[in-house]
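Below is one structure, written out as structure tokens; comments come after it.
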Amino acid sequence: MPEAPALLLYDHRSSICSQMARLALVEKGLPFERRSIDIMDQQEQFEAWYVALNPRAVVPTLQVGPDEIVTDTIRIVTRLHTFEGPNIAGDPQTPDWLRDIMALHYGVLLYRKRLEPDGTAPQIVARGHHLVALKAKRPDLEGLLTDRLERNARFQRLLRDPDAVQTHLDATRALVDRMATRVSEVPYLGGATWSVADAFGTAALARFTLHGFAEWWADTALADYYARMKARPSFTTAEVVDEGTERDL
């Protein structure tokens, strides 16, 4: 297996997907550099140079050597399997934890308690206004920003629907329960050893902790599992975020 070329991760500290990628890189033992993308105040993900790297204008993005660009978190961690280092792929017979964890609507978890009486979320409304203004200034991003505006509008409609919000909360709780059952049977989500499933699981549990959901697993094997994941050096090295304020989400 060839030695890994230089790796550069474009990320944001509190981005859950960035935390997943960082955990995988650290546990794989691969040296990498980071370039922080300010996706909040500066909206740097919409800069032309970054959109050229990642046309979806999201983080993270992994640059491998001088020419290869890998986007999408699952594709990034899968790419790491080709490099020298410990096997972090996990048991191929296990459930597809990566897909299931990524399928949750983390925005609903964040904004469900930040709604006005009419069901609107001020931050989402403000984001829509910002996207409209940005679209007027950046005709080169018309397609991307039109898509973002449509997604923003759909999200606002979802938040106004209590039943839809509850559906997403129930899906989150169901996944937590599945994780608890899994780690009562084996040490890690992916089987007998740490794998990228645990990178995704750890980042998700950290996010759920920030949302106040830790009581869901307080009396289950998942509490011990999360304590073990937090005790791993990678939790600190990868800067996993499980405490703070809304700006840490």
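Observations
- Among the candidates ALA221, ALA238, ALA199, ALA171, residue that is open to solvent by 20 Å² or more (accessible area, probe 1.4 Å), within 20 Å of the chain's Cα centre (by Cα) and at pLDDT 95 or above: ALA171
- Total residues in region 35-53, condition of a type in the set (D, E, K, R), in contact (Cβ under 8 Å) with a residue 24 or more places away in the chain and assigned to a loop (DSSP other than H, G, I, E, B): 1
- Single residue of region 74-87 satisfying the filter (touching a Leu at 6+ places or on another chain (Cβ under 7 Å) and hydrophobic (A, V, I, L, M, F, W, C)) that is nearest to LEU175 (Cα to Cα): ILE74
- Check on ILE76, open to solvent by less than 60 Å² (accessible area, probe 1.4 Å) and either under 17 Å from PRO5 (Cβ atoms) or small (Gly, Ala, Ser) (or both): yes
- Tabulated pairs, region 14-34, first farther than 13 Å from ILE88 by Cβ, second among the acidic types (Asp, Glu) and assigned to a helix (DSSP H, G or I), C-beta under 7 angstrom, 6+ apart or interchain: SER14/ASP248
- Against the numbered list (1) outside any loop (DSSP other than H, G, I, E, B); (2) in contact (Cβ under 8 Å) with a residue 12 or more places away in the chain; (3) touching a helix residue (DSSP H, G or I) at 6+ places or on another chain (Cβ under 8 Å); (4) not aromatic (Phe, Trp, Tyr), ARG56 comes up short only at (1).
- Candidate set: region 65-89, residues that are assigned to a helix (DSSP H, G or I) and of a type in the set (Ser, Thr, Tyr); chosen: the one nearest to the chain's Cα centre (by Cα): THR73
- Screening the candidates VAL58, VAL70 for the property of being modelled with pLDDT of 95 or more and open to solvent by 20 Å² or more (accessible area, probe 1.4 Å) yields one hit, VAL58.
- Among the residues making up region 186-218, those that are within 19 Å of ASP170 (Cα to Cα) and part of a loop (DSSP other than H, G, I, E, B) are HIS211, GLY212, PHE213, ALA218.
- Filtered by the rule that a residue be hydroxyl-bearing (Ser, Thr, Tyr) and open to solvent by 50 Å² or more (accessible area, probe 1.4 Å), region 7-47 gives a lone residue, SER36.
The values are calculated or read from the model by the stated rules, or taken from the named source; none is laboratory data. Remember, predicted model here, so these are calculated numbers, not experimental data. Positions of Cβ are generated from backbone atoms using ideal geometry, with glycine treated the same way; all protein chains shown enter the neighbour counts. Surface accessibility is based on the protein's heavy atoms, side chains included, excluding ligands, DNA and RNA. Shrake-Rupley method; radii C 1.70, N 1.55, O 1.52, S 1.80 Å.
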